[in-house]
Amino acid sequence: MASRRLRAFKRWMNSHGVQWSTDALEFIDTPEEGISVKALRDLKDGEVVSTIPKSACLTMKNTGACDIIQSAGLSGCLGLSVAIMYEMSLGEESPWAAYLQLLPEKECLPLVWTVDEIDHFLRGTELHKIVKEDKFLMYADWEESILPLLDTGDLDPKFFGLEQYFAARSLIASRSFQIDDDHGSGMVPLADLFNHKTGAEDVHFTCGSSDSESDDDDDDNSKPGDDDDDNSNPGDDDDDNSNPGDDDDDNSNPDKSYTANYVDEEPANTLERTSDDPKVLEMIMVKNVKAGVEVFNTYGSAGNAALLHRYGFTEPDNPYDIVNIDLDLVLEWCTSMFSSRHSRARLSLWRKLDYSGCFSESTEYFEISFNGDPQVELLILLYIMLLPDDDYCKLDLAVSTATDHKEMISMISSEKFNFRFDKGTEIDKSLLLTESVCNALLRLAEKRENLYGLSSIENDIEALEKCSEKERKLYHSLMLRVSERRILEKFRTYASLGAKIVQYLHNII
């Protein structure tokens, strides 16, 4: 039997034109896991299981605070935060009251943890510095853009404080969808009830077509929280997809929209396709799902750092996990081996060769993949740092005379083992794995590992095994630490194996 809040939400959906196939979807409400969606019957790929009018979405355009938001010139997450806080302040008087009572007060994202909790739980992880920077930037946003709104006297201050702003931002990060250019991002009732599972998208959220009120409506409905003023990018999650989660898989059909009849306060079983309606959003099955199985959405191909940062959870054995090694850490290693002048000169040459790492805000870094495979740009930088002076001069001359620098790197490396280099190919990673480069990788792995503190990976694994998922902060931070440290183990294996191969080649030549 549906909970009281679910029954109220169903009545609200009916009154706001939100339609769903009652014989297809079952909403489950449990104290431990919250709300999930299961299939009541076998669902087929391509089947439309819900339609949601854009007018039912909580957006900057639809909220009663629209004039306030526009007068203040707010947009993006700032504007949507005001919309959410304003509707929360209205209580039962809000048009979205029955929807808002389904939402938690805030999502358990690191964003809303205390600074002490961030330092304790996230030490050494990809999120430690990022989350602290987020909190600082968002405090500045609140002080500059939200606090002045209270001077008008039109808003209840207790609903627009710093804590309420951070809570609203946590809901936006974990639940909002990009709707279109006219509405921007917003909260989409029913669509945000589907839980996430990496690589297991069952249902796709999409705009049916462009809104007639905005000729430039965006049919790319990005994942929750993917807004234009989101300042962070943990894990370099660039798969910003529409559902939340699948940019290039556009399941929309501009020639069709859907209506339903109502029976006993719920829409009839099947949504029928009628004429084009640009003001309607759709939930479309993208694979077959058996009766009784939970129906999942996906937020894209995201590693655990990105999942915890944006949505407040992690997944075991996540194949999209990565670990980053900051350029600063590489330079710290280099200056411990060579003079500062040497390090600067070699870094400068690397940049002249048009190489760089990845960037997030002011940080430049190199990715280590789930399999422990380092980014090739890191190998090239280490190779250049460790080149003998004669070979360094050859390469520097090649750059100044505008010859093919990739060929020159490969020629210098291949001369050591008489490898043949085919002009026009990419640099072979194996040619860069000299014994000194492999030793440098091992040293970097050690430096990166030291950021986690004195606790060993065995200690973390043991703590994770004893931890309950109900202890969300501890459990998911441990999951992140363990997943990152396992990658570092693979990274060390990669470097050790490379060193052994180099030694073997030396012995046979």
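The values are calculated or read from the model by the stated rules, or taken from the named source; none is laboratory data. Small disclaimer: the values here were computed from a predicted structure and weren't measured. We place every Cβ from the backbone using ideal geometry, glycine too, and count neighbours over all the protein chains shown. Quick note on the areas: whole protein, heavy atoms, side chains included, nothing else; ligands and nucleic acids left out. Shrake-Rupley method; radii C 1.70, N 1.55, O 1.52, S 1.80 Å.
Between the beta carbons of residue 363 and residue 11, assuming R0 = 56 Å, the FRET efficiency works out to 0.70 to the nearest 0.05.
Distance from the C-alpha centroid of the stretch 186-208 to that of the stretch 37-108: 14 Å, rounded to the whole angstrom.
Can you figure out the FRET efficiency of residue 163 with residue 456, using R₀ = 35 Å and their beta-carbon distance, to the nearest 0.05?
Working: r = 36 Å, r/R0 = 1.04.
Result of the calculation: an efficiency of 0.45.
What length, rounded to one decimal in nm, is gained on full extension from residue 151 through to residue 468, with 0.36 nm per residue of separation minus their alpha-carbon distance?
109.6 nm
On the stretch 21-90, 47 percent of the accessible area sits on carbon and sulfur atoms, based on a 1.4 Å probe. For the pair residue 339 and residue 116, label points projected 7 Å from Cα toward Cβ lie 4.9 nm apart. Simple spin-label estimate for residue 93 and residue 399 gives 6.6 nm between the two label positions (7 Å along the Cα-to-Cβ direction from each Cα). Projected label points at residue 288 and residue 356, each 7 Å from Cα along the beta carbon direction, are separated by 4.9 nanometres.
For residue 140 and residue 436, compute 0.36 nm times the residue count separating them, minus their Cα-Cα distance, and round to one decimal in nm. Write down the numbers at each step before the final one.
Values: separation 296, 0.36 × 296 = 106.56 nm, distance 4.58 nm.
Separation in residues times 0.36 nm, less the Cα-Cα distance, equals 102.0 nm.
Distances between placed amide hydrogens fall under 5 Å for residue 47 paired with 285, all partners being 5 or more residues away or on another chain.
Of the trypsin sites (Lys or Arg not before Pro) found in the stretch 101-133, the ones in coil according to DSSP and having at most 15 other Cβ atoms within 10 Å of their Cβ are 123.
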